[in-house]
Amino acid sequence: MLIQRRQFLHMTSALPWAGTAVAAGMQGNQPQENTGRIPVSLCLNAYSFNSLLRSGEMSLEKLFRFVKDTGFQGVDLTAYYIPGYPEVPSDEVLYNIKRMAFRLGLALTGTGVRNNFTLGDPEQRKQEKQLVKNWVIAAAKMGIPHVRIFDGTAKPQGYSREEITDWLIDDMRECAAYGGRHGVMISYQNHNNFTTNAAQAIEIIERVDSEWFGLMLDTGSLPEGDSYQQIEQLIPYAVSWQVKEMIQVGGTKVKTDFPKLMQIVHKSGYRGYFPLETLGEGDPFLKVMALYREVSNELHLGSGQ
């Protein structure tokens, strides 16, 4: 029988740590008292080194060491960079990746696949779901807490947006249920594909309606209206992020206002991993270090202290 929250608090009230650890742990994602630091853990999304990882110029070990030396607490390791993708490699490969990160004191905060749930052919979508499920198992073996998925980019003829929405929600719900059976969350990234605004993303998340399903909040993929207002609407659904150095304002890409963004994050009470990602031209090493310094500084200044 599950112990209810009230019963748990009563049972633990006599323990010496009850006044601190239990009270703090039960607060979850609720707004916290201002302590002078925004309580998120900075991580790096490996896509920041996409070209170097794809070409083999950068190994995973080199990536991990750079991430750790820069000051990040974890890395979101998109599955594209794991040998064998889209197939899942041997346990030996997965466990070696897990060991490398562990020996550096680095968390593997997430992974992700390139799926497409907007395809018109149900058999093709079945294969896409199997891709997600395969990497749920891989994530569980590596101790990774979530697998990132997309909605899709297809525009099949003869189907309405409502019909496509219905079937991709069914597919996502099936993946979430499978993830739950293996202790791995499914995180849906708003990627300016099928969905282009907060309202559309929220509809999908609420209709999937699973505690094993949440949002990877992509700050750079909200082209409609005020991106900051939409980020504020989406934060309650966020289980992870892709925080980018550029954001869209009125359909135009501009530099992210990090003081403004971090004030929004602090106000929301979000507590968890906060992966950063750089894109575009330039030296990715320099760009990542500059982004880390800027956001890290705002963890303190953005709290108003």
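Restricting the search to strands (runs of 3 or more DSSP E) fully inside segment 191-270 and requiring at least 1 residues that are out of contact with any Phe, Trp or Tyr (no Cβ under 9 Å at 6 or more places or on another chain) gives 238-244, 246-249, 252-255.
For TYR188, the conditions (1) surrounded by fewer than 23 Cβ atoms within 10 Å (Cβ to Cβ); (2) under 30 Å from PHE258 (Cα atoms); (3) not aliphatic (A, V, I, L, M) all hold with the exception of (1). When GLU232 is tested against (1) under 20 Å from ASN45 (Cβ atoms); (2) over 15 Å from the mean Cα position of the chain (by Cα), only condition (1) is not met. A residue that is within 21 Å of VAL88 (Cα to Cα) and surrounded by 22 or more Cβ atoms within 10 Å (Cβ to Cβ) occurs nowhere in segment 203-213. A single entry from ASP226, ASP209, ASP257 fulfils the requirement of being modelled with pLDDT under 95, among the charged types (D, E, K, R) and farther than 13 Å from ASP151 by Cα: ASP226. Of the listed requirements (1) within 26 Å of PHE64 (Cβ to Cβ); (2) loosely packed, with under 15 Cβ neighbours inside 10 Å; (3) touching a helix residue (DSSP H, G or I) at 6+ places or on another chain (Cβ under 9 Å); (4) of a type outside the set (A, V, I, L, M), GLY282 misses just one: (3). Out of VAL243, VAL265, VAL249, one residue alone is over 16 Å from GLU298 (Cα atoms) and of a type in the set (A, V, I, L, M). It is VAL249.
Segment 39-131 holds strands (runs of 3 or more DSSP E) entirely within its bounds, and those carrying 2 or more residues that are aliphatic (A, V, I, L, M) and within 30 Å of GLU298 (Cα to Cα) map to 40-45, 107-112. When you check TYR228 against the structure, is it over 17 Å from PHE72 (Cα atoms), surrounded by 20 or more Cβ atoms within 10 Å (Cβ to Cβ) and in contact (Cβ under 8 Å) with a residue 24 or more places away in the chain, yes or no? The answer is no for TYR228. For beta carbons closer than 6 Å, sequence separation of 6+ or different chains, a first residue in segment 283-302 that is under 14 Å from PHE49 (Cα atoms) and in contact (Cβ under 8 Å) with a residue 40 or more places away in the chain and a second that is in a loop (DSSP other than H, G, I, E, B) and of a type in the set (D, E, K, R), the qualifying pairs are LEU291/GLU245. Of the residues making up segment 132-184, those that are among the β-branched types (Val, Ile, Thr), farther than 16 Å from ASP209 by Cβ and in a helix (DSSP H, G or I) are VAL132, VAL136, ILE137, ILE164.
The values are calculated or read from the model by the stated rules, or taken from the named source; none is laboratory data. Every value quoted in this text rests on a predicted model; they were computed, and no experiment measured them. So basically every Cβ, Gly included, is an ideal-geometry build from the backbone, and we count neighbours across all protein chains shown.
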